[in-house]
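The structure under discussion appears below in the form of structure tokens.
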Amino acid sequence: MTPNTHKTLLVILSQSPYSSSLAREAVDYCLAAAAFEQNIQLLFIGDAVLQLLNDQQPANISQKNVAKTLSALPIYGIGNFFVDHEALVRYGLSDEQLCLPIRKVTPRQMADMLANATHTLNF
Amino acid sequence: MNYSIVVLGAPFSSPSAITALNFTQALLTQGHTVFRVFFYHEGVHCANQLSTPQQDEINLTNQWQTLKKQHNLDLVVCIAAGVKRGVLDQSEANRHEKPCSNINDAFDLSGLGQLVEATEQSDRVVTFGP
Amino acid sequence: MKTLHILNKSPKHAFPASQCARFYSQHDSILLIEDAVYYTLPTTYPLFLAITELRALPTKPTIYALKEDIDARGISETTPNDVKLVTYEGFVELTASHDKSASWY
């Protein structure tokens, strides 16, 4: 596979971190995409903004820390993080609670991101 | 057109595994090609050949196997998602010292790179949610 | 580029339908499959329209529903006039005529 800069893959995350393994499996997909130098954008909507909370301590519920894995994504070359601003407001989250440097977007901007993407995967 | 299909739902807990099969059959009937069907998340259970539905119920694993025989489909089960849910081929069964394997031989266990490649190579990617 | 928004969850889940509205661009379409076809009932369709018109869209999306899933659930008599029924063949054609699909669940 060769890197393709013409195609943009929009990965839309909407699950809370510990309701099922889907949040973690979505991150695993992003890591694989980064390994193959794909041009990906990550967009957190709905309950997925809860994945971004930086004070998660899930050891006592026998889960691996999703925020810790997300924090590692920039090391693997993923840098395009977007979050649905309205979802942050819904849960009352502020910037300093989040584990990634992330750009807030409006529904209009989200619609444009989807329209401009080559493919989208919803997790 | 060249399609890839992503299946995230398990038989019996979500209709998505059946919807994905019907959609893939319709695609092929219309002359489209399928680059890959990728089974991820709970969708990996579609490959369990030990699944034994009652006789008047659909056996999804067998249906995918039949479709593969007719159209030479590439059916890939995510290895990480599959092994953790107990969908193993012989080599993984040996590696993890399990008494048996259970993946239907129409399916291949492989890495997430196969899904990355599928999105890269296909004109259309259709996801069937859990 | 045109997107086909695919919904598969019943009206008890408001989140997926609300997302397909927020991500809507002109010329996109919506396809109801599996339990999302229950949105075509006389009591739930107004709710669906309310959710999907939230942003005072300049154009209304065309709404499709999968006939096999409608028939299976015994609700074929009450499909609203502005919902177009498609078979699996039509489902395939919709995915081909749109540039991409997004599955909200």
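The values are calculated or read from the model by the stated rules, or taken from the named source; none is laboratory data. Just so it is clear, the model here is predicted, and its values are computed rather than measured. Positions of Cβ are backbone-derived with ideal geometry, glycine not excepted, and every protein chain shown enters the neighbour counts.
Are any of the residues in segment B:94-115 more than 16 Å from B:Gln49 (Cβ to Cβ), hydrophobic (A, V, I, L, M, F, W, C) and not in a loop (DSSP other than H, G, I, E, B)?
Yes, the conditions are met somewhere in segment B:94-115.
Among (1) touching a Pro at 6+ places or on another chain (Cβ under 8 Å); (2) farther than 30 Å from B:Ala10 by Cβ, where does A:Gly92 come up short?
For A:Gly92, the failing item is (1).
Which residues, taken from segment C:72-105, are under 12 Å from C:Ile6 (Cβ atoms) and in a loop (DSSP other than H, G, I, E, B)?
The answer is C:His98, C:Tyr105.
With the requirement that a residue be of a type in the set (D, E, K, R) and within 20 Å of C:Tyr24 (Cα to Cα), what does segment C:49-92 give you?
Passing the criteria: C:Glu53, C:Arg55, C:Lys60, C:Asp82, C:Lys84.
Among the listed residues B:Val76, B:Val6, B:Val83, B:Val44, which satisfies the condition of being touching a residue at least 60 places away in the same chain (Cβ under 8 Å), within 14 Å of chain A (Cβ to nearest Cβ) and either β-branched (Val, Ile, Thr) or surrounded by fewer than 18 Cβ atoms within 10 Å (Cβ to Cβ) (or both)?
Exactly one residue qualifies, and that residue is B:Val6.
Has segment A:26-40 got at least one residue that is among the polar types (S, T, N, Q), more than 13 Å from chain B (Cβ to nearest Cβ), surrounded by fewer than 22 Cβ atoms within 10 Å (Cβ to Cβ) and touching a residue at least 12 places away in the same chain (Cβ under 8 Å)?
No, because not a single residue in segment A:26-40 is among the polar types (S, T, N, Q), more than 13 Å from chain B (Cβ to nearest Cβ), surrounded by fewer than 22 Cβ atoms within 10 Å (Cβ to Cβ) and touching a residue at least 12 places away in the same chain (Cβ under 8 Å).
I'd like the residue in segment A:103-123 that is more than 18 Å from A:Thr8 (Cβ to Cβ) and modelled with pLDDT of 95 or more and, out of all such residues, is nearest to the other protein chains (Cβ to nearest Cβ).
A:Thr106
Any idea which residue in segment A:41-64 is farthest from the other protein chains (Cβ to nearest Cβ), counting only those that are in a helix (DSSP H, G or I) and closer than 28 Å to A:Asp112 by Cβ?
Selected residue: A:Leu52.
Filter segment B:87-115 down to residues that are of a type in the set (S, T, N, Q), touching a helix residue (DSSP H, G or I) at 6+ places or on another chain (Cβ under 8 Å) and within 14 Å of another protein chain (Cβ to nearest Cβ), then give me how many there are.
Result for segment B:87-115: 1.
Hey, among the residues in segment C:55-95 that are aliphatic (A, V, I, L, M) and within 13 Å of the chain's Cα centre (by Cα), which one's nearest to C:Pro42 (Cα to Cα)?
Here the answer is C:Val83.
Are any residues in segment C:1-27 touching a strand residue (DSSP E or B) at 6+ places or on another chain (Cβ under 6 Å) and at the interface with another protein chain (Cβ under 8 Å from one of its Cβ atoms), and if so, which ones?
Those that are touching a strand residue (DSSP E or B) at 6+ places or on another chain (Cβ under 6 Å) and at the interface with another protein chain (Cβ under 8 Å from one of its Cβ atoms): C:Thr3, C:Ile6, C:Gln19.
Quick check: is even one residue across segment C:51-69 free of Cβ contacts under 8 Å to residues at least 24 places away in the same chain, more than 8 Å from every other protein chain (Cβ to nearest Cβ), farther than 24 Å from A:Glu86 by Cβ and of a type in the set (S, T, N, Q)?
So far as segment C:51-69 goes, no, none of its residues is free of Cβ contacts under 8 Å to residues at least 24 places away in the same chain, more than 8 Å from every other protein chain (Cβ to nearest Cβ), farther than 24 Å from A:Glu86 by Cβ and of a type in the set (S, T, N, Q).
For residues that are surrounded by fewer than 20 Cβ atoms within 10 Å (Cβ to Cβ) and within 9 Å of chain B (Cβ to nearest Cβ), scanning just segment A:3-24, find the one that is modelled with the lowest pLDDT.
In this case the residue turns out to be A:Asn4.
Of everything in segment A:45-99, what is surrounded by 14 or more Cβ atoms within 10 Å (Cβ to Cβ) and of a type in the set (Val, Ile, Thr)? Give them in sequence order.
Passing the criteria: A:Ile45, A:Val49, A:Val66, A:Thr69, A:Ile78, A:Val83.
Hey, any hits in segment B:60-67 for a residue that's aromatic (Phe, Trp, Tyr), part of a helix (DSSP H, G or I) and either surrounded by 17 or more Cβ atoms within 10 Å (Cβ to Cβ) or touching a Gly at 6+ places or on another chain (Cβ under 6 Å) (or both)?
yes
Which ones in segment C:70-92 are free of Cβ contacts under 8 Å to residues at least 24 places away in the same chain and among the basic types (Lys, Arg)?
Answer for segment C:70-92, where residues must be free of Cβ contacts under 8 Å to residues at least 24 places away in the same chain and among the basic types (Lys, Arg): just C:Lys84.
If you go through segment B:116-130 one residue at a time, how many are more than 14 Å from chain C (Cβ to nearest Cβ) and part of a loop (DSSP other than H, G, I, E, B)?
0
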